[in-house]
Amino acid sequence: GPVAETFQVIQGAVTEEYVRSTQGVFQFELSGDGGGTWYIDLKTKAGSAGFGKAPVTADVVMSMSSADFVKMFT
C-alpha cells in the first residue's frame, strides 16, 4: 500500500550522512489503511526505516492517519 511504498522510498534515501546530521528516531502511529506502528531511525549506525517499533527508543512519536502521513512525505 501507499504507506509501505513511502517507507521503502525513505529507506532507500537514508544515508550515513543523514544519520550523522539528524541523530533522531521518529515513530509514527498511523490509523487507517496501512496503519500501525512505523519508524525512521536516523540515529543508529546506517539508519533504517520500516514497520514496527524502532530498534531504539523514539525521540519523537507522531500520531496521524495513514493518508496524512503519505501526503506529508509526498
If each DSSP helix of 4+ residues adds -39,500 (n - 2.57) and the sum is divided by the residues in the chain, what number results at 222 nm, nearest 500 deg cm²/dmol?
-10500 deg cm²/dmol
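Quick one: dipole size for the chain, taken about the Cα centre, charges +1 on Lys/Arg Cβ and -1 on Asp/Glu Cβ, in debye to the nearest 20.
Details: 5 positive and 8 negative charges, 33 e Å.
Roughly 160 debye, rounded to the nearest 20.
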Set of aspartates and glutamates near K53 by C-alpha distance (under 15 Å), chain-local residues within fewer than 8 positions excluded:
E29, D41
For the stretch 62-74, in residue order, the Karplus 3J(HN,Hα) values (coefficients 6.51, -1.76, 1.60; θ = phi - 60°; whole Hz; Gly and Pro = x) are 10, 10, 6, 6, 4, 4, 5, 4, 4, 4, 4, 9, 10
How much solvent-accessible surface does Y18 expose, in Å² to the nearest 10, with a 1.4 Å probe and all protein chains in place?
120
Per residue of the stretch 5-11, what does 6.51 cos²θ - 1.76 cosθ + 1.60 with θ = phi - 60° give for ³J(HN,Hα)? Whole Hz please, x for Gly and Pro, Karplus curve as stated.
4, 4, 5, 5, 5, 4, 4
Could you derive backbone 3J(HN,Hα) for the stretch 25-38 from the dihedral phi with the Karplus parameters 6.51, -1.76 and 1.60 (θ = phi - 60°), listing whole Hz in sequence and x where the residue is Gly or Pro?
10, 10, 10, 10, 9, 9, 9, x, 4, x, x, x, 9, 10
Amide N proximity, the stretch 39-57 versus Q8 label position 7 Å along Cα-to-Cβ, cut-off under 18 Å:
39-40, 48-52
If you take the charge dipole of the chain about its Cα centre, with +1 on Lys and Arg Cβ and -1 on Asp and Glu Cβ, which of P2, T74, A49 is farthest toward its positive end?
A49
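The values are calculated or read from the model by the stated rules, or taken from the named source; none is laboratory data. For clarity, every value in this text was computed on a predicted model and none was experimentally measured. Using ideal geometry, Cβ is built from the backbone for each residue, glycine included, and neighbour counts are taken over all protein chains shown. Surface accessibility is based on the protein's heavy atoms, side chains included, excluding ligands, DNA and RNA. Shrake-Rupley method; radii C 1.70, N 1.55, O 1.52, S 1.80 Å.
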